[in-house]
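Only one structure is covered here, and it is reproduced in the block below.
The values are calculated or read from the model by the stated rules, or taken from the named source; none is laboratory data. Note that this is a predicted model, so its numbers are computed, not measured. Ideal geometry is used to build each Cβ from the backbone, glycine not excepted, and the neighbour counts take in all protein chains shown. Note: accessible area is taken over every heavy atom of the protein model, side chains too, but ligands, DNA and RNA are not part of it. Shrake-Rupley method; radii C 1.70, N 1.55, O 1.52, S 1.80 Å.
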Amino acid sequence: MYNETTHDGEGAHSDHDHHGPAKGLMRWVTTTNHKDIGTLYLWLSFTMLLYGGSMAMVIRLELFQPGLQWVEPHFFNQMTTMHGLVMVFGAIMPAFVGLANWLIPMMIGAPDMALPRMNNWSFWILPFAFTMLASTTLMESGAPAFGWTFYAPLSTTFAPDSTDFFIFAVHLMGISSVMGAINVIATILNMRAPGMTLMKMPLFVWTWLITAYLLIAVMPVLAGAVTMMLTDRHFGTSFFDAAGGGDPVMFQHIFWFFGHPEVYIMILPAFGVISAIIPTFARKPLFGYSSMVYATASIAILSFMVWAHHMFTTGMPVAGELYFMYATILISVPTGVKVFNWVTTMWKGSMTFETPMLWALGFIVMFTIGGLSGLMLGVAPVDTQYHDTYFVVAHFHYVLVTGALYSIIAAFYYWVPKWTGHMYDERLGKIHFWWSTIAVNVLFFPQHFLGLAGMPRRIPDYSLQFAEFNMISSIGGFAFGLAQVFFLYIVIKTIKGGEKATDRVWEGATGLEFEHLSSPPPYHSFNEAPPVK
Amino acid sequence: MSSTTSNEDYYVPHGTYWPIIGSIGLSLTVIGTANFLHGTWSATPIFVGLAIIIFMMYGWFGTVVTESLAGMYNKQVDMSFRWGMGWFIFSEVMFFAAFFGALFYARAYSVPWLDGASNNDATAQYLWPDFEAAWPLLSVPLADKFSEAKHAMGAWGLPAINTLILLTSGLTVTLAHWALKRRDNVWLVYWLFATVALGFGFVFLQAYEYSHAYQDLNLRLDSGIYGSTFYMLTGFHGFHVTMGATMLLVIMIRAAKGHFTPENHFAFEAVAWYWHFVDVVWLGLFIFVYWL
């Protein structure tokens, strides 16, 4: 055990790491502890998942039957907009930052994150930002209703007053993300235990290091984009107004220069999670570790050079379409390397199928489905047909729900025994997996057909020929939503009690957090750096 | 450190109230700004919010300074600060990149396209057939909606002098660093004073240039894409110069109190890095906004 250190008493402040958590509510407000902050992030994320999910329920309810059934079209547009924003910025991103906080210091043998006070601020900006964002729904003008991509001029000339609160909420989220990313980089580069060389780091740490670079590079660009929106709206600038020499399409370029790396921000840490879980339950080391690192870096670099594949129908010159098409398709090579390595890790492994492994396998299969539909969308002439249809909706929900969200849930089941010292209920976990997986495919698979048949996205009503698939999709949606309420029950049950977890937790688990720390780990882990083989 | 494996010397602070105070200040500032823009609130909440932010920064940095002077930070903590500051500056570079991107996009694409370049014959023909592409763009496509500028801002008057001022300040801050390294506290403060004076001098001249642009050239924020990019780029840069000069002023006061040693003066270096970043951004501005 390296948590109960017997240090020699040198250093004037040697007592400071030994205090436990403070008592009461202020513990959570003032904490500088990476585990506390990780927990805060994860609960914020879960709250946002249920909030964003409830808006998805409104969307699926309205689309259950053709015709306007339940909500006004303007309110429907608010729902699609807020659902996307809340899920991307509120559910997925904070969940990964929460995992980073909990895991990175334990995985590299560090006493805490490098900049603990700033770590607190990264989190505590977010509740304010999301309260501001959510409050727009109650405003006279209603919430923003221009889609989560907030294209100009819908978000400038024709936007409701509440858009300004949305703009500032995005600024705050950006500040939070940049500070969080800086902290991750400083922690990984500066806080590793002796012997933990870069190429010995767990892939979750590697993928987060690269994700942090993406965040620092693109969140400020997003801040620039919303700042231009703000000045276009109130101060007479004409960045996105052709009448003054600007261009609404320029908004799309700036947005997607942020937006494309953003999708990798939401999936690279997922790759890290899967790369931890598959070897444990296949009882084999990860196949092709270094190729995984290089593939992650390649994806990150390429992600900066493909943004306009979201804009094939904006009338850009053919040379641009060709370039962005080929560059986009190129990303499938390093992504393919990853999928190949996960499958090869399992080859001839002694596999067992505990709940985290089920979610990880679900990830590999369904993320690949989302990746393949992405390949189709990346082909410029084909995208002309699919653009802004339900095919796109199906595509990005396969990569984000059965991709990113599945990896987050997998990470929860994999590490929660370590965090709490309690095993989750294996039977309930398996029910959660199969319930979710059947439901999510009923929900999203028919949307491919709807899109190919021409149903546009972000529309509250549709032609009669789309009725059956929409009803099927809605039924899947309600079932999937309910499954996540069931997940909330599992989470609370696990925190409150359960079978005592061993320190190693899983027979095949490796890594400092399993090999050198108790379950649950002490409030301050690694007061003495662990030996790294 | 005698032991290579001890993490004990890495200072992990106790709980802190500064972040939550900062969040309250930030939120009040932006909520106040949004309501002010809608005419529902007066400007008072904005200033209260900003005051809270300034209070937070004073307190937070004050705590860090106290801890640093008490010797609570070891080399590894110092390195965390270095990584942190370096990547913070990179994030600032990317913020400016967005606005430079808008400038290049307008100059290379949107303005020529409105005049029919590339595959945009129909755009020019059906939207504003009389529009002619030019840069700096003085005559915008829809003149009624904007206040058109009479002249563009030249490069070789005040902007050139400002370039000289900032480049000189980059030199003086380096001279201050050299003085610090040879324990010459007197010249450290003198050179820092010169740097601060040059920095605020730059801001003053920039403000003078703005008033000239508004009054004599009718070059305004709402003069179309040229005015938009001109003011947003130079405005954010001017804001950063103001911040940098203020930071230098704090460093000067700390230097006068003898806070820095040749071995331990990262606060000085961080601000010097920031100052050089501001300097480099200006060179980009001078070349692409004023000159070419």
A:MET196 passes all but one of the listed conditions (1) surrounded by fewer than 24 Cβ atoms within 10 Å (Cβ to Cβ); (2) more than 18 Å from B:ALA143 (Cα to Cα); (3) in contact with an Asp or Glu (Cβ under 8 Å, 6 or more places away or on another chain); the exception is number (3)
The condition from (1) more than 29 Å from B:ASP78 (Cβ to Cβ); (2) open to solvent by 10 Å² or more (accessible area, probe 1.4 Å); (3) at the interface with chain B (Cβ under 7 Å from one of its Cβ atoms) that A:GLY246 misses is numbered (2)
For the range B:65-80, the count of residues that are open to solvent by 20 Å² or more (accessible area, probe 1.4 Å), more than 8 Å from every other protein chain (Cβ to nearest Cβ) and not aliphatic (A, V, I, L, M) equals 6
Worksheet item: Is at least one residue of the range A:364-372 more than 19 Å from the chain's Cα centre (by Cα) and surrounded by fewer than 20 Cβ atoms within 10 Å (Cβ to Cβ)?
Response: yes
Those residues of the range A:320-346 which are within 30 Å of B:ASN119 (Cα to Cα), of a type in the set (Val, Ile, Thr) and assigned to a helix (DSSP H, G or I) amount to A:THR328, A:ILE329
Considering only the range B:102-115, I want to know if a residue exists there that is more than 8 Å from every other protein chain (Cβ to nearest Cβ), touching a residue at least 60 places away in the same chain (Cβ under 8 Å) and either in contact with a Gly (Cβ under 9 Å, 6 or more places away or on another chain) or open to solvent by 20 Å² or more (accessible area, probe 1.4 Å) (or both).
yes
Exception for B:TRP282 within (1) hydrophobic (A, V, I, L, M, F, W, C); (2) farther than 27 Å from B:THR229 by Cα; (3) part of a helix (DSSP H, G or I) falls at (2)
Checked the range B:141-161 for anything surrounded by 15 or more Cβ atoms within 10 Å (Cβ to Cβ), out of contact with any Gly (no Cβ under 9 Å at 6 or more places or on another chain) and touching a residue at least 60 places away in the same chain (Cβ under 8 Å); matches are B:ALA152, B:MET153, B:ALA155, B:PRO159
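A quick yes/no check of all residues on (1) in a helix (DSSP H, G or I); (2) more than 23 Å from B:ALA160 (Cβ to Cβ); (3) among the polar types (S, T, N, Q):
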| position | (1), (2), (3) |
| --- | --- |
| B:LEU188 | yes, yes, no |
| B:TRP191 | yes, yes, no |
| B:PHE204 | yes, no, no |
| B:ASN218 | no, no, yes |
| B:MET232 | yes, no, no |
| B:GLY238 | yes, no, no |
| B:VAL241 | yes, no, no |
B:SER91: passes all of (1) within 30 Å of A:PHE304 (Cα to Cα); (2) touching a residue at least 40 places away in the same chain (Cβ under 8 Å); (3) hydroxyl-bearing (Ser, Thr, Tyr) but (2)
Subset of the range A:480-526, residues of a type in the set (A, V, I, L, M, F, W, C) and open to solvent by 30 Å² or more (accessible area, probe 1.4 Å), comes to A:LEU482, A:VAL485, A:PHE486, A:LEU488, A:ILE492, A:ILE495
The lone condition B:ALA270 fails out of (1) under 29 Å from B:GLU67 (Cβ atoms); (2) within 14 Å of chain A (Cβ to nearest Cβ); (3) without any contact (Cβ under 8 Å) to a residue 60 or more places away in the chain is (3)
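Right, A:GLU426: in contact with a strand residue (DSSP E or B) (Cβ under 7 Å, 6 or more places away or on another chain) and of a type outside the set (Ser, Thr, Tyr) or not?
On the way: in contact with a strand residue (DSSP E or B) (Cβ under 7 Å, 6 or more places away or on another chain): no; of a type outside the set (Ser, Thr, Tyr): yes.
No.
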Among the residues of the range A:190-211, are any of a type in the set (S, T, N, Q), over 30 Å from A:ILE274 (Cα atoms) and either more than 9 Å from every other protein chain (Cβ to nearest Cβ) or out of contact with any Cys (no Cβ under 9 Å at 6 or more places or on another chain) (or both)?
no
When the range A:306-345 is checked residue by residue, the ones that are without any contact (Cβ under 8 Å) to a residue 40 or more places away in the chain, closer than 13 Å to A:PRO381 by Cα and under 27 Å from the mean Cα position of the chain (by Cα) are A:TYR326
Conditions (1) touching a helix residue (DSSP H, G or I) at 6+ places or on another chain (Cβ under 8 Å); (2) at pLDDT 95 or above -> A:GLY67 fails only (1)
In the set B:GLY84, B:GLY62, B:GLY22, the lone residue that is within 24 Å of the chain's Cα centre (by Cα), more than 7 Å from chain A (Cβ to nearest Cβ) and open to solvent by less than 40 Å² (accessible area, probe 1.4 Å) is B:GLY62
Here the residues within the range B:119-144 that are among the acidic types (Asp, Glu) and under 17 Å from B:ARG107 (Cβ atoms) are B:GLU132
Across (1) surrounded by fewer than 17 Cβ atoms within 10 Å (Cβ to Cβ); (2) over 30 Å from B:MET72 (Cβ atoms); (3) without any contact (Cβ under 8 Å) to a residue 12 or more places away in the chain, B:VAL186 clears everything bar (2)
When every residue in the range A:257-291 that is open to solvent by 20 Å² or more (accessible area, probe 1.4 Å) and of a type in the set (Phe, Trp, Tyr) is compared, the one nearest to the other protein chains (Cβ to nearest Cβ) is A:PHE257
Of those in the range A:172-181 that are facing chain B (nearest Cβ under 8 Å) and open to solvent by 10 Å² or more (accessible area, probe 1.4 Å), the residue nearest to the chain's Cα centre (by Cα) is A:VAL178
Checking A:GLY349, A:GLY362, A:GLY403 in turn, the sole residue that is more than 30 Å from A:ALA319 (Cβ to Cβ), assigned to a loop (DSSP other than H, G, I, E, B) and out of contact with any strand residue (DSSP E or B) (no Cβ under 6 Å at 6 or more places or on another chain) turns out to be A:GLY349
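Which ones in the range B:229-253 are hydroxyl-bearing (Ser, Thr, Tyr), more than 11 Å from the chain's Cα centre (by Cα) and more than 13 Å from every other protein chain (Cβ to nearest Cβ)?
The one that is hydroxyl-bearing (Ser, Thr, Tyr), more than 11 Å from the chain's Cα centre (by Cα) and more than 13 Å from every other protein chain (Cβ to nearest Cβ): B:THR246.
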Scanning the range A:222-239 residue by residue, those more than 7 Å from chain B (Cβ to nearest Cβ), among the hydrophobic types (A, V, I, L, M, F, W, C) and open to solvent by 10 Å² or more (accessible area, probe 1.4 Å) turn out to be A:LEU230
Subset of the range A:55-71, residues of a type outside the set (A, V, I, L, M, F, W, C) and touching a residue at least 12 places away in the same chain (Cβ under 8 Å), comes to A:ARG60, A:GLU62, A:GLN65, A:PRO66, A:GLY67
Quiz item: Within the bounds of the range B:42-57, is there any residue that is closer than 21 Å to A:ILE182 by Cβ and either facing chain A (nearest Cβ under 7 Å) or open to solvent by 40 Å² or more (accessible area, probe 1.4 Å) (or both)?
Solution: yes
